[in-house]
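Worksheet for the structure shown next.
Please treat every number below as a calculation from the coordinates, not as lab data. Just so it is clear, the model here is predicted, and its values are computed rather than measured. So basically every Cβ, Gly included, is an ideal-geometry build from the backbone, and we count neighbours across all protein chains shown.
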Amino acid sequence: NSVKTIVSADAVRTTFSRAMSDMYRAEVPQYGTLMELVREVNSETRRADSVLDGRLVANDEIERLDLERHGAIRVGTPAELATMRRLFAVMGMVPVAYYDLSVAGVPVHSTAFRPVGTEALRRNPFRVFTSLLRLDLIADAALREEAAGILARRSIFTPRCLDLIAVAERDGGLDDREADTFVREALETFRWHGDATVTAEVYARLRKAHPLVADIVCFKGPHINHLTPRTLDIDAVQVGMPVKGITPKAVIEGPPRRRVPILLRQTSFRALQEPVAFPSSAGTSEDGTHTARFGEIEQRGVALTPRGRALYDRLLAEARDRVQVSSDGSNAEAYMAALVEAFRAFPDDEDALRTERLAYFRFSPTGRAGAPPDADIDALVLSGAVKAEPITYEDFLPVSAAGIFSSNLGDEGQENHAERAARAAFERDLGASVFDEDALYAAAERDSIEATRAALLHHVV
Ligand code: OOG
Ligand code: NI
């Protein structure tokens, strides 16, 4: 009859993200190599950039940096997605943003489960990009039926995991022992299972419809397909990868290298070929291979306002119009040059990004005298009473380029209509609406301005 001592959702998230990282390192050894490289580059970058280092230390971001990573999974049914939402809620992770990947020719739509509070993000910003298969985008009706039937027969969560989700919902959290068991049981869902649930023949047919369809439908669970550490200098990691025996893709996605990083830059390396056992009719099994899993690194920069994002989208489209990256990467340098050229139009110092309202900032009192508390926020910063620091972009850009391309095709109205319908269906399947990412950044900035004014007014600085 003792009172249950609840472990914080932040702590459960950290235990889970560590366990996930250990599991993935064992499953995909190159991930371990990449983590080492990222650690080396990050400490080198901190040594070379004392301003950046000072900021990371002052904001308690060092711990976060070593823990920080995102992963991605793909689920097959609305029920799987809805239970995933409840599972992530135990760890303080909620669905943020809607991503329509059908514009990139991929039959899924997605959200990212992540913490949203400033404190929670500081402790551990672990995110899981989660996609739901869109069977409605498979043209062949018979194949669609078959895939739905296969998915209906599997259960991707262990019974104990489902119990503990219900316990957490009932009690408002888990105690120490429950949390440990929960993490162990939840890992089972994300683990790689080499035993396919279908014959090689069925696998091949689904694969022909789209490789992702086979990846989602043919296995026991939604294996984590990559885990991505965050680096402070992605160009250095890109150059360092071949030295460690890893071959990255030809170009870094996202904005070019800048003094003030914006949004997200990412690069990845090829998936492993994994051995798979397909059941065959005689009760024996047939060996095959499957490629699903890859490695990725990212560098995060400041979150952009809608105005900044519009400028970003326009400049990226401009660069991509000028030079299309070929699949063999032979013109990577020309593309990077076009990108740098296009982005000359994007201000590259913090003051300009802030005063032109292109990016979001967190304000705080400096303790020095300056303009009066009710002065304009720019005047307060200029006077030295208030300082402004970039708010990190916590979300994703999986189809920004593809989205821009499709909006150039001239049937924008139709596209938007279809996207709205798909989004409503996604939220119905999820069992909740997704958080609006822009509203979260805007609120973080606004709250920091209000707190700053209050502190100045009451001289509590
Ligand atoms: C998800 C890809 C999205 C990212 O970093 O943009 C993602 C997937 O392939 O399942 O992780
Ligand atoms: Ni990723």
Practice task
Could you tell me the distance between the Cα centroids of region 340-370 and region 173-236, to the nearest Å?
Solution key: 39 Å
Completion exercise
Simple spin-label estimate for ALA79/GLU341, 7 Å along Cα→Cβ, in nm, reads 5.6 nm
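Relative contact order for the chain: what is it in percent, counting Cα pairs under 8 Å that are at least 6 residues apart?
It comes to 17 percent, rounded to a whole number.
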Handout entry: Tensor-based shape of region 76-164 (alpha-carbon gyration tensor, a/c under 1.5 rounded, otherwise prolate or oblate)
Key = oblate
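Suppose R0 equals 51 Å; then what is the FRET efficiency for GLU44 and ALA142 from their Cβ-Cβ distance, rounded to the nearest 0.05? Kindly include the intermediate steps, with their values, before the conclusion.
Working: r = 56 Å, r/R0 = 1.10.
Once rounded, the FRET efficiency stands at 0.35.
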Practice task
Give, in nm to one decimal, the length gained when the segment between ASP180 and SER280 is fully stretched (0.36 nm per residue of separation minus the Cα-Cα distance).
Solution key: 32.2 nm
Fill in the blank from the handout: In nm, the gap between the two label points placed 7 Å beyond Cα toward Cβ at ALA369 and GLU350 is 2.5 nm
Problem - Relative contact order of region 1-158, defined on C-alpha pairs under 8 angstrom at six or more residues apart (%) - result: 24 percent
Handout entry: Computed [θ] at 222 nm, helices only, for the chain once each DSSP H run of length n ≥ 4 contributes -39500 (n - 2.57)
Key = -15500 deg cm²/dmol
Exercise for the section: Taking 7 Å along the Cα-to-C-beta vector as the label spot, tell me the ALA152-SER8 distance in nanometres, rounded to one decimal. Expected result: 4.5 nm
Handout entry: Computed E for VAL251/ARG170 - FRET, C-beta separation, R0 60 angstrom, nearest 0.05
Key = 0.75
Problem - Sorted by Cβ density within 10 Å, fewest first, the residues ASP351, ASP60 - result: ASP60, ASP351
Completion exercise
Subtracting the Cα-Cα distance of VAL239 and GLU419 from 0.36 nm times their residue separation yields 61.0 nm
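Let a ≥ b ≥ c be the square roots of the eigenvalues of the Cα gyration tensor of region 4-67; is it rounded (a/c under 1.5), or, if not, prolate (a/b larger than b/c) or oblate?
Taking the square roots of the gyration eigenvalues as a ≥ b ≥ c, region 4-67 is oblate.
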Problem - Reach of LYS387 by Cα under 15 Å, taken over aspartates and glutamates that are not fewer than 8 positions away in the same chain - result: ASP349, GLU350, ASP351, ASP376, ASP378, GLU445, ASP447, GLU450
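Can you give the FRET efficiency to the nearest 0.05 for ASN331 and THR199, using r as the Cβ-Cβ distance and R₀ = 35 Å?
Plugging the Cβ-Cβ distance into 1/(1 + (r/R0)^6) gives 0.25.
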Exercise for the section: Go through 325-334, 433-442 and give me the packing order, highest mean Cβ count within 10 Å leading. Expected result: 433-442, 325-334
